[in-house]
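Any read-out appearing in this document is the output of simple, stated calculations on the displayed coordinates, not a laboratory observation. In this text, all values refer to a predicted model and were calculated from it rather than measured experimentally. FYI the Cβ positions are ideal-geometry reconstructions off the backbone, even for glycines, and counts take in every protein chain you see.
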Amino acid sequence: MDFSELIEGVGFRLISLAVTELPEDVQSKIKKAYDEEQSEIGKTQLKAILENIDLAENLKLPMCQDTGIISFYVRVGCKFLGTDFIEESLIRALRRATIEIPLRPNVVHPLSRANSGDNTGLRVPHIEWELDKNIDFVEITAFPKGAGSENMCAFKMLKPGEGVLGVKKFVVDTVVEAGGQPCPPIIVGVGIGGTADVVMSLAKRSLIGPLDEQNPDQEIASLERELLKLINETGIGPQGLGGKYTALGVKILHSYCHTASLPVACAIQCWAARKSSARVSNDGIVTYLTHSFRR
């Protein structure tokens, strides 16, 4: 079996699905927001978003001109036979997707700003690996994220004494400062704990979790609900024009941390919360998944 071609094909389809078809867990939240939004201008914005979603899916065209930078989250089993081919296959898939879907070429050198032209470059696409000794398949999630929301992400090393109250203040302040720039209604990914690099990774990774899944940690689940309530009380509303729905959800991942540290990070995602996942088995069977995430 040619795993190289198989994974390239899967990677291409995942990118295509992600940029043209919004997952059902996100769509259902937007529809709920539309039904419940009390602001006339907010409701108008949500209606336009829903129409945009339908057009993208029916025409098979990207739902946003900013097709973002593509990240891949890869959970691979020690017994999976095609591990050697994953990285290069996904890079080829992204180059092909840039031409065939098409995707806007967004990737540039950070200093010269020279554009690579194919959405790849040094350390792009970013691939975050998770090794699982108990499985014999690979699970791949494509995660495009645009600059409008990415530019609003934030990180802070709190003092441990600031505690949960400090975490809440940081997250709400970050959302308020972002205002309408990340195209609300947003999804807010929060990382708590770990180290400086780990906490930002947790915040971003939390965004691929299904919105309709409750956190198994009851304390964290309660904090997610409270933060969502506080964020929606800001009144920023759809597209920053005022209304009930500033955010569709808050997702938190946490890690134990040093006794002298309390890292917290906030990864904001726009309403176009694009993601798609698939599983490839050793016998070449490909299964496209509704949800991909494991806490």
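Observations on the structure shown:
- Computed over the chain: relative contact order in percent, which uses C-alpha pairs under 8 Å that are six or more apart: 26 percent
- With the charge dipole of the chain set up from +1 on Lys and Arg Cβ and -1 on Asp and Glu Cβ about the Cα centre, the Cα lying farthest toward the positive end among the listed residues ILE53, VAL286, ALA267 is that of ALA267.
- Beta bridges per DSSP, both residues in the stretch 148-269: antiparallel share near 60 percent.
- Rg(Cα)/(2.2 N^0.38 Å) for the stretch 148-269, N = residue count: 0.97
- Across the options GLN239, LEU207, GLY189, the greatest Cα extent toward the positive end of the charge dipole of the stretch 148-269 (unit charges at beta carbon of Lys, Arg, Asp, Glu) belongs to GLN239.
- Annotation: cysteines of the chain without a disulfide-compatible partner (Cβ-Cβ under 4.7 angstrom) are CYS64, CYS78, CYS153, CYS257, CYS266.
- Considering only alpha-carbon pairs that sit under 8 angstrom and 6 or more positions apart, the relative contact order computed for the stretch 148-269 is 46 percent.
- For the chain, size of Cβ-based charge dipole, Lys and Arg +1, Asp and Glu -1, in debye: 500 debye
- Across the stretch 138-152, coupling constants 3J(HN,Hα) worked out from phi with the 6.51/-1.76/1.60 Karplus curve, θ = phi - 60°, read 10, 10, 10, 10, 8, 9, x, 9, x, 6, x, 8, 4, 5, 9 Hz, and Gly and Pro carry x.
- Taking ILE91, ILE135, ILE15 in turn, the Gaussian network model of the chain (Cα-Cα springs below 10 Å) assigns the largest fluctuation to ILE135.
- Share antiparallel - DSSP beta bridges, the chain, percent rounded to 5: 65 percent
- Largest-first principal axis extents of the Cα set of the chain (Å): 54, 49, 41
- Max mean-square fluctuation residue, GNM over the chain, Cα-Cα springs under 10 Å, options SER261, SER276, SER71: SER261
- Estimated dipole of the stretch 148-269 in Debye, rounded to 20 [Cβ of Lys and Arg +1, of Asp and Glu -1, Cα centre]: 140 debye
- Look at the dipole of the stretch 148-269 built from charges on Cβ: of SER222, LEU248, ALA154, the Cα furthest out on the positive end belongs to ALA154.
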